[in-house]
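Below: one structure, written as structure tokens.
The values are calculated or read from the model by the stated rules, or taken from the named source; none is laboratory data. On a predicted model such as this, the values are computed, not experimentally measured, just so you know. A quick note on method: Cβ atoms are made from the backbone with ideal geometry, for glycine too, and the neighbour counts reach across all protein chains shown. Heavy atoms of the whole protein, side chains included, go into the accessibility calculation; ligands, DNA and RNA do not. Shrake-Rupley method; radii C 1.70, N 1.55, O 1.52, S 1.80 Å.
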Amino acid sequence: MNRFRLAGLLPEILLGLLLVSTGRNLGAADAGAPAQPMSDIAPAKTLASALSPEKWRQVENSVDRGLAWLASQQAEDGSFPSLATGQPGVTSLCVMAFLSRGHQPGAGPYGQQLNRAVDYVLSCQKDDGLICHLAPEPQYVYMGASQTATYNHAISGLMLGEIYGSITGARAKKVKKALSRALLYTRALQIRPKRDATGAGGLRYVRAKPRAEDGSEQSDSDLSATAWHLMFLRSARNAEFNVPQRYVDDGVAYVRRCWDPKSSMFNYVVTANGGRGASRGTTGAGILSLSMAGEHNTPMARAAGDWLVAHPYGEYDQTIGPYDRFFYSIYYSSQAAAQLGGHYWEKIFPPIVDVFLKIQAADGSFPPETMESDTPFGSTYTTAMAVLSMTPAYQLLPVYQR
């Protein structure tokens, strides 16, 4: 039996550990049922020591304000507004932000809003299984759906896998069908012939990126996209969908090829001529990807964690190198630190909290990314990422449970 469908999914934290309730299923039929008080959700015991009780209360307040702001932004169609090319990925990140604080579709103060968001995501799936609001262009277009669709698809699949155990009835049937089709699409993209053998097993854009004007080669895989698809595969497997081990093994083999032992970082892409684009984001993504495959605290992961410890987040918008994004990189660094635990978590997480508490707006939102390509996705995207970066210790998203 799927452990995420065991009699219900009402999260309760006892001694800092996540237990599964023996009560009713927390689905649409229970929309009127009282939700667990958010004050009853505490950080897991093994992660709680990173902050003082007072600082954890500040984190909870920050998260709750961020979620309240997100809820106020939801559009009539159920989406959380962003660029059309970022949908339904941004909406899915927002749903996951609510899940990370213990909110569930169909229950509590945000239950119906989450139902509407899930329905919007489902409405975006194409006939071939791709989950994307816009149809990809026939050829690669920078920042077009041909580039962003892979992120929309993987992030939306991840979200649907996370909520599958907490919904019932017709909506659950729709999610099951959507996930099954989405898994086939991910695998088709993964095994598509690559121009360079070093890209085997990885994933990238729906349309292949052409060679640059200077003639430099382009990879058909990158760590950023591959990491999201690995999270999707892990979430679907947790929900007891058929995910052959080969899918995961192929993806993780690419992640390992992105590893640079000289710098102790993971590259964004790797080709026959070497790797490039290493950042805090890709290094965190590498650690998290290994964890998705069950490779916890390996020498490679610990070496990457040591590098992250040596490069903390001291100020807002602080980036390292041209590939670093502030919110995106913090998300991966926080999740990676939670997977490693111990001194990695205690060194990496507190500075992240300090920065976020300083920059959150009075209305609960966070500023957009300042990287020119990412700025248009707006504050719904960054607020969701900030919430997800502050909530790993609650251990309420099954995909990230240690």
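Collect the residues in segment 152-164 that are of a type in the set (S, T, Y) and in contact with a Cys (Cβ under 9 Å, 6 or more places away or on another chain), keeping them in residue-number order.
S156, the sole residue that qualifies.
Have a look at Y394, Y328, Y344 and point out the one that is under 20 Å from F80 (Cα atoms) and modelled with pLDDT of 95 or more. Lay out the reasoning, then the answer.
Values: Y394 fails: under 20 Å from F80 (Cα atoms); Y344 fails: under 20 Å from F80 (Cα atoms).
One residue alone meets the criteria, Y328.
Does D317 count as of a type in the set (D, E) and either part of a helix (DSSP H, G or I) or open to solvent by less than 10 Å² (accessible area, probe 1.4 Å) (or both)? Working first, answer last.
Values: of a type in the set (D, E): yes; either part of a helix (DSSP H, G or I) or open to solvent by less than 10 Å² (accessible area, probe 1.4 Å) (or both): no.
When the stated conditions are applied, D317 does not pass them.
Condition check: small (G, A, S), under 19 Å from the mean Cα position of the chain (by Cα), at pLDDT 95 or above and within 27 Å of G161 (Cα to Cα). Does G281 satisfy that? If you could, list the steps in order and put the result at the bottom.
Details: small (G, A, S): yes; under 19 Å from the mean Cα position of the chain (by Cα): yes; at pLDDT 95 or above: yes; within 27 Å of G161 (Cα to Cα): yes.
Yes.
Looking only at segment 170-186, how many residues end up being of a type outside the set (A, V, I, L, M) and more than 16 Å from S156 (Cβ to Cβ)?
Narrowing segment 170-186 to residues of a type outside the set (A, V, I, L, M): 171, 173-174, 176-177, 180-181, 185-186.
Checking the rest, the ones that are also more than 16 Å from S156 (Cβ to Cβ) come to 173.
Residues that pass the stated criteria total 1.
Just the residues that are under 27 Å from C258 (Cβ atoms) and charged (D, E, K, R), please, taken from segment 165-206.
R187, R192, K194, R195, D196, R204, listed by residue number.
Can you find a residue that is touching a Pro at 6+ places or on another chain (Cβ under 6 Å) and closer than 26 Å to Y332 by Cβ anywhere in segment 209-230?
no
Taking into account only those residues within segment 257-284 that are among the small types (G, A, S) and outside any loop (DSSP other than H, G, I, E, B), which is nearest to Y323 (Cα to Cα)? Break it down into steps so the answer makes sense when it comes.
Going residue by residue through segment 257-284, those that are among the small types (G, A, S) are 263-264, 272, 274-275, 277-279, 281, 284.
So of that shortlist, the ones also outside any loop (DSSP other than H, G, I, E, B) come out as 274-275, 281, 284.
On the way: G274: 16, G275: 13, G281: 8, G284: 13 Å.
Filtering segment 257-284 for residues that are among the small types (G, A, S) and outside any loop (DSSP other than H, G, I, E, B), the one nearest to Y323 (Cα to Cα) comes out as G281.
Checking E295 against (1) open to solvent by 20 Å² or more (accessible area, probe 1.4 Å); (2) within 21 Å of Y142 (Cα to Cα), which single condition isn't satisfied?
Every condition holds for E295 apart from (2).
Is there a residue being in a helix (DSSP H, G or I), farther than 17 Å from W56 by Cα and open to solvent by 40 Å² or more (accessible area, probe 1.4 Å) anywhere in segment 341-348? Quick ask: steps written out before the conclusion?
Step one: of segment 341-348, the residues in a helix (DSSP H, G or I) are 342-348.
From what is left, the residues that are farther than 17 Å from W56 by Cα are 342-344.
Retained after the next criterion (residues that are open to solvent by 40 Å² or more (accessible area, probe 1.4 Å)): 342-343.
For segment 341-348, residues in a helix (DSSP H, G or I), farther than 17 Å from W56 by Cα and open to solvent by 40 Å² or more (accessible area, probe 1.4 Å): present.
Could you look through segment 352-374, keep only residues that are assigned to a helix (DSSP H, G or I) and either within 12 Å of Y328 (Cα to Cα) or among the charged types (D, E, K, R) (or both), and pick out the one that is most open to solvent (accessible area, probe 1.4 Å)?
So in segment 352-374, the residues assigned to a helix (DSSP H, G or I) come out as 352-359.
Then keep just the ones that are either within 12 Å of Y328 (Cα to Cα) or among the charged types (D, E, K, R) (or both); that gives 354, 358.
Numbers: D354: 66, K358: 153 Å².
So, considering only residues that are assigned to a helix (DSSP H, G or I) and either within 12 Å of Y328 (Cα to Cα) or among the charged types (D, E, K, R) (or both), the one most open to solvent (accessible area, probe 1.4 Å) is K358.
Residues checked against (1) in contact with an Asp or Glu (Cβ under 7 Å, 6 or more places away or on another chain); (2) surrounded by 14 or more Cβ atoms within 10 Å (Cβ to Cβ); (3) of a type outside the set (S, T, N, Q):
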{"position": "N238", "(1), (2), (3)": "no, yes, no"}
{"position": "P244", "(1), (2), (3)": "no, no, yes"}
{"position": "A253", "(1), (2), (3)": "no, no, yes"}
{"position": "D260", "(1), (2), (3)": "no, yes, yes"}
{"position": "V269", "(1), (2), (3)": "yes, yes, yes"}
{"position": "A272", "(1), (2), (3)": "yes, no, yes"}
{"position": "R280", "(1), (2), (3)": "yes, yes, yes"}
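This table checks each residue for (1) closer than 27 Å to S289 by Cα; (2) open to solvent by 40 Å² or more (accessible area, probe 1.4 Å); (3) assigned to a loop (DSSP other than H, G, I, E, B).
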site	(1), (2), (3)
G102	yes, no, yes
P136	yes, no, yes
V141	no, yes, yes
S146	yes, no, no
Y151	yes, yes, no
L158	yes, no, no
Y164	yes, no, no
A170	no, yes, no
K173	no, yes, no
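May I ask you to list pairs of residues, at least six apart or on different chains, whose Cβ atoms are under 8 Å apart, with the first in segment 179-201 being part of a loop (DSSP other than H, G, I, E, B) and modelled with pLDDT under 95 and the second being of a type in the set (D, E, K, R) and open to solvent by 10 Å² or more (accessible area, probe 1.4 Å)?
K194/D220; R195/E217; R195/D220; D196/E217; D196/D220
Starting from segment 225-237, keep only residues that are without any contact (Cβ under 8 Å) to a residue 60 or more places away in the chain, then list their pairs with residues that are not aromatic (F, W, Y) whose Cβ atoms are within a distance under 6 Å, requiring at least 6 positions of separation or different chains.
L233/V243; L233/V248; R237/V243
Picking from A84, A68, which residue would you name as being open to solvent by 30 Å² or more (accessible area, probe 1.4 Å) and within 19 Å of D363 (Cα to Cα)?
Numbers: A84 fails: within 19 Å of D363 (Cα to Cα).
After ruling out the rest, the residue left standing is A68.
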